[in-house]
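Presented below is the structure to which this report refers.
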Amino acid sequence: MFIQEKILILDFGFPQVQDLARQIRQLGVFSVIFPYQTSMEKIAALEPQGIILAAEDFAAFQSEVTQIKQCNFPVAFWPALTKVGLKEFLFQDCSCKVYWSIANFIERQVQLIREKVGSNKVLCALSGGVDSAVAAALVHQAVGEQLTCVFVDHGFLRKGEAEEVQNVFQKKWPLNLIFVDARERFLKKLSGISDPEQKRKIIGNEFIRVFEETALGLGEVDFLVQGTVYPDVLESGSGVGGTIKSHHNVGGLPEKMNFRLLEPLAKLFKNEVRKVGRELGLPTEIIERQPFPGPGLAIRIIGEITAEKLEILREADAIFLDEIRQAAFDDLWQVFAVLPSIKSVGVQDKVRTYAYPLILRAVTSVDAMTAKAAHLPYELLDKITERIIREVPQINRVVYDLTSKPPGTIEWE
Ligand code: XMP
């Protein structure tokens, strides 16, 4: 049984608001975040079990607070709530029951997807990332053969990734998968282009074009699965002040096509998406995958992209990742290599070399808004450098990027 019981968090610009929502869910109670400007009618319509006002300081919000206090729901002030206080508020003041669990979520979503889709056809663009993979797995659980997944290989994935997606979704765990090898097509479109934003635009547009062409070949398709997650929903307008972060995932919506959307993960945080994936039997390699930008290696090659540079970067990046994996560094947000389009002089086996440098980047972060360069041990960096220079002859120098975000960004482009 699925209970619509929820705690409403009204966000007055509280920086840890998503942590608070996650914490409540971890106690087995569903929580949603709305901006503090939400109208009293809307709050009443949501029928929350209780309301938490989340702010660092309420001084500027006296009239809003007075108004909300008059409603019929239990109201608590965060961070006046201690950890024990939170439990008391949920389970005593609001009489919440422990209903929120991943198993319940899956059961309910499967039911909802079946009701929504009926006997219609569903399409999903797999990107290789966690969100689209879990969304596909969930929809597949609900409607099986009615789902077709399309994977467009644009040629900018890390070593072995395209094969891995194919292996998991076609062999280990069969679902209808159309694998489109569009590598040459993308490379041609990007020839001579070195501006990062132009690269992104071209890749985004081309992706949609390839996806559309493939979808048209399938005949009538009614639904499109999107791997939207709760932070995307919050960031695209329902947060305080309506902060809009442009969604820069490759694979925006095809505009001309008449799809209805299925967004089965839109209420979940990333850690919950991973739990759903695990519960549905997706392999760890896919579930634990680090965030990877839609345009992939195309924005990790600084300047013009060529097949040769892609190959060099892919090999070096794989060595870096392999060493990090072996060293069991698992709380890093992203680990990757960047290839600039310059060369420098070196000497190897008494012979002068003139080859590319490689930049290593490893960062810790909670949400990619800020990040710190990871403190990797020197011995490890030494070993990685030595291996890369030995195994990738087109590289003769390796540097480690120590810049935080801000002032740097995580990616170089
Ligand atoms: P920056 O470089 O802005 O990156 O600090 C923050 C996070 O966003 C990812 N990123 C992208 N993801 N398409 C994406 O899907 C993009 O064009 C893109 N650019 C950056 C980046 O990997 C990091 O996790």
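Observations
- Residues of the range 33-46 satisfying the condition of being of a type in the set (Val, Ile, Thr) and either open to solvent by 10 Å² or more (accessible area, probe 1.4 Å) or under 27 Å from the mean Cα position of the chain (by Cα) (or both): Ile33, Thr38
- Residues located in the range 116-129, provided they are open to solvent by less than 10 Å² (accessible area, probe 1.4 Å), at pLDDT 95 or above and either more than 30 Å from Leu190 (Cβ to Cβ) or among the aliphatic types (A, V, I, L, M) (or both): Val117, Val122, Leu123
- Any hit, the range 47-58, residues being open to solvent by 10 Å² or more (accessible area, probe 1.4 Å), free of Cβ contacts under 8 Å to residues at least 40 places away in the same chain and assigned to a helix (DSSP H, G or I): no
- Test: residue in the range 361-377 that is free of Cβ contacts under 8 Å to residues at least 12 places away in the same chain, within 24 Å of Pro407 (Cβ to Cβ) and away from the ligand (no atom under 16 Å from the Cβ): yes
- There is no residue in the range 113-125 that is among the small types (Gly, Ala, Ser), under 30 Å from Val392 (Cα atoms), touching a Leu at 6+ places or on another chain (Cβ under 9 Å) and touching a residue at least 60 places away in the same chain (Cβ under 8 Å).
- Entry remark, the range 358-409: residues being β-branched (Val, Ile, Thr), part of a loop (DSSP other than H, G, I, E, B) and surrounded by fewer than 20 Cβ atoms within 10 Å (Cβ to Cβ) number 4 in total.
- Matching residues in the range 311-337 - criterion: being open to solvent by 20 Å² or more (accessible area, probe 1.4 Å) and either among the aromatic types (Phe, Trp, Tyr) or under 17 Å from Lys189 (Cα atoms) (or both): Phe329, Trp333
- Failed item in (1) over 25 Å from Arg289 (Cα atoms); (2) crowded, with 16+ Cβ neighbours inside 10 Å, with Glu164 passing the rest: (1)
- So Leu90, is it part of a helix (DSSP H, G or I) and either of a type in the set (Gly, Ala, Ser) or closer than 18 Å to Gly28 by Cα (or both): yes
- Residue list for the range 7-17, filter: outside any strand (DSSP E or B), open to solvent by less than 50 Å² (accessible area, probe 1.4 Å) and closer than 17 Å to Leu81 by Cβ: Phe12, Phe14, Val17
- Any hit, the range 323-332, residues being at pLDDT 95 or above, of a type outside the set (S, T, N, Q), over 27 Å from Ser194 (Cα atoms) and within 15 Å of the ligand (Cβ to nearest atom): yes
- Among the residues listed as Glu272, Glu184, the single one being surrounded by fewer than 17 Cβ atoms within 10 Å (Cβ to Cβ), at pLDDT 95 or above and of a type in the set (D, E, K, R): Glu184
- For the range 338-357, taking the residues that are of a type in the set (A, V, I, L, M, F, W, C) and surrounded by 18 or more Cβ atoms within 10 Å (Cβ to Cβ), the one that is farthest from the ligand (Cβ to nearest atom) is identified as Ala355.
- Selection count where residues are of a type outside the set (A, V, I, L, M), within 11 Å of the ligand (Cβ to nearest atom) and under 21 Å from Ile305 (Cα atoms), scope the range 395-413: 4
- When restricted to residues that are open to solvent by 40 Å² or more (accessible area, probe 1.4 Å) and within 7 Å of the ligand (Cβ to nearest atom), the range 290-310 contains 2.
- Residue check for Arg387: in contact with a helix residue (DSSP H, G or I) (Cβ under 9 Å, 6 or more places away or on another chain) and touching a residue at least 60 places away in the same chain (Cβ under 8 Å): yes
- One residue alone among Leu332, Leu358 is within 26 Å of Asp232 (Cβ to Cβ) and in contact (Cβ under 8 Å) with a residue 24 or more places away in the chain, and that residue is Leu332.
- Selection count, the range 65-92, where residues are in contact with a Phe, Trp or Tyr (Cβ under 6 Å, 6 or more places away or on another chain) and open to solvent by 40 Å² or more (accessible area, probe 1.4 Å): 0
- Selection status of Gln4, within 20 Å of Ser101 (Cβ to Cβ) and either of a type in the set (Phe, Trp, Tyr) or modelled with pLDDT under 95 (or both): yes
- For Lys159, the criteria (1) open to solvent by 50 Å² or more (accessible area, probe 1.4 Å); (2) under 23 Å from Val221 (Cβ atoms); (3) of a type in the set (D, E, K, R) hold in every case but one, which is (2).
The values are calculated or read from the model by the stated rules, or taken from the named source; none is laboratory data. What you are looking at is a predicted structure, and each value in this text was computed from that prediction instead of being measured. Please note: Cβ atoms are built from the backbone with ideal geometry, for glycine as well, and neighbour counts cover all protein chains shown. Keep in mind that these areas ignore ligands, DNA and RNA; they rest on the heavy atoms of the full protein, side chains included. Shrake-Rupley method; radii C 1.70, N 1.55, O 1.52, S 1.80 Å.
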